[in-house]
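Report on one structure; see the data block that follows.
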Amino acid sequence: QERLVESGGGSVQAGGSLRLSCTASRSTITEYCVGWFHQAPGKEREGITFITTFGFTTYEDSVKGRFTISKDDAKNTLYLQMNNLKPEDSGVYYCNRCEGYLPWGQGTRVTVSS
């Protein structure tokens with residue numbers, strides 16, 4: 001069964017940066033649309049950015065211009081570069097196929113202080 005493993009979270013001050021990583025099977029990274037999902041405290045998980053097999057990317061307005069999604073097919077790894085972080089970016093970040101088809105991993109927690 002596919003196992004998604006997220007890492008790279010931490011605690012930063014507003015304006016800081018973090019780079020999240022997600023390891024998955026090669027087929028997940030290379031054959032499917034994949035993305036990052038954010039679950040803020042007390043809220044539902046929501047998709048914030050996606051990348052297709054061809055490298056086409058989409059971003060929610062709240063992260064556009066600050067976050068960058070990328071992937072390394074050779075390393076079976078999905079990345080999320082997060083710059084100019086805001087307190088509202090705090091929460092747990094998960095990766096998955098774009099439709100959220102796979103079992104969810106543990107996620108990685110991001111805390112942004114003002």
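Read-outs throughout are calculated quantities, based only on the coordinates presented, and are distinct from any laboratory measurement. Since we're looking at a predicted model, the values are computed, not measured. For neighbour counting, all protein chains shown are included, and Cβ atoms are generated from backbone atoms with ideal geometry for every residue, glycine included.
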Gain on full stretching of the segment that runs from Ser25 to Ala74 - 0.36 nm per residue minus C-alpha separation: 16.6 nm
Per-peptide average of other Cβ atoms within 10 Å, ordering 88-100, 10-22 highest first: 88-100, 10-22
Where only alpha carbons of the chain are counted, the Rg and the Dmax (Å): 13.0, 40
Extension gain from Ala40 to Thr53, taking 0.36 nm per residue of separation minus the Cα-Cα distance: 1.9 nm
Percent of beta bridges antiparallel (DSSP, the chain, rounded to nearest 5): 90
